[in-house]
Amino acid sequence: MGNQYFYCVQCHKKSPTHQKLFETLYNFSKSAPEQCPSCGGGRELHVTLDFQLGAGDGTFKVVSAFLPDKLESWLGEEQEEVTFYPFLVMLQGGAEQKQFCWMPYWHVTGKDARGGQHAVCLEADQFESLMDQVHEKALQPV
């Protein structure tokens, strides 16, 4: 899906996360990155993504990452518990520093996290337009 690294805003040092993307986003959704070990400055999480067909490829700053309050689980093959982790990740990047809503997901069985191959990535304005339509429709009587 992509690779990721921490970027120090003070000394501009890049450091790999040494984790899989699932673990990195999960940890980021719970707390901010630790300070830079070299200078003590604040660090940002950056991800490099390849969306295919040349649309939106590049490196993005992760502004925030969210998981639902309640995760869904079920018994899968061989009676192992499967947990669904749908993320909403706010990215910022590109020449205009636009914000994007990226929605990767993983199915976790035991310690094995399998990612969603077709994660949606929309400009923040597009996502907001969709959510406005959802809210508008929800207010209409059925």
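The values are calculated or read from the model by the stated rules, or taken from the named source; none is laboratory data. Not measured: the values here are computed from a predicted model. Every residue, glycine among them, receives a Cβ derived from its backbone with ideal geometry; neighbour counts consider all protein chains shown. Ligands, DNA and RNA are excluded from the accessible area calculation, which covers all protein heavy atoms including side chains. Shrake-Rupley method; radii C 1.70, N 1.55, O 1.52, S 1.80 Å.
Suppose the filter is in contact (Cβ under 8 Å) with a residue 40 or more places away in the chain and under 18 Å from the mean Cα position of the chain (by Cα); does Ser29 pass it?
Values: in contact (Cβ under 8 Å) with a residue 40 or more places away in the chain: yes; under 18 Å from the mean Cα position of the chain (by Cα): yes.
Considered against the rule, which asks whether it is in contact (Cβ under 8 Å) with a residue 40 or more places away in the chain and under 18 Å from the mean Cα position of the chain (by Cα), Ser29 comes out as yes.
Can you tell me which residue in the stretch 1-52 is most open to solvent (accessible area, probe 1.4 Å), limited to those that are aliphatic (A, V, I, L, M) and in a loop (DSSP other than H, G, I, E, B)?
Met1
Take Val142 and tell me if it is assigned to a loop (DSSP other than H, G, I, E, B) and either modelled with pLDDT under 85 or open to solvent by less than 40 Å² (accessible area, probe 1.4 Å) (or both).
Details: assigned to a loop (DSSP other than H, G, I, E, B): yes; either modelled with pLDDT under 85 or open to solvent by less than 40 Å² (accessible area, probe 1.4 Å) (or both): yes.
Criteria met by Val142.
Looking at the stretch 109-120, which of its residues are out of contact with any His (no Cβ under 9 Å at 6 or more places or on another chain), open to solvent by less than 100 Å² (accessible area, probe 1.4 Å) and either modelled with pLDDT under 85 or not charged (D, E, K, R) (or both)? Talk me through it step by step, then tell me what you get.
From the stretch 109-120, those out of contact with any His (no Cβ under 9 Å at 6 or more places or on another chain) are 109-112, 117-120; that's our starting set.
Right, trim to open to solvent by less than 100 Å² (accessible area, probe 1.4 Å) and you get 109-110, 112, 119-120.
Listed by number, the residues that qualify are Thr109, Gly110, Ala119, Val120.
Yes/no matrix, rows are residues, columns are (1) open to solvent by 70 Å² or more (accessible area, probe 1.4 Å); (2) touching an Asp or Glu at 6+ places or on another chain (Cβ under 6 Å); (3) assigned to a helix (DSSP H, G or I):
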| site | (1), (2), (3) |
| --- | --- |
| Tyr85 | no, no, no |
| Met90 | no, no, no |
| Ala95 | yes, no, no |
| Cys101 | no, no, no |
| Leu122 | no, no, no |
| Gln126 | yes, no, yes |
| Ser129 | no, no, yes |
| Ala138 | yes, no, yes |
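Conditions (1) among the small types (Gly, Ala, Ser); (2) free of Cβ contacts under 8 Å to residues at least 60 places away in the same chain; (3) touching a Phe, Trp or Tyr at 6+ places or on another chain (Cβ under 9 Å), marked per residue:
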{"site": "Phe60", "(1), (2), (3)": "no, yes, yes"}
{"site": "Ser73", "(1), (2), (3)": "yes, yes, yes"}
{"site": "Val89", "(1), (2), (3)": "no, no, yes"}
{"site": "Gly115", "(1), (2), (3)": "yes, no, yes"}
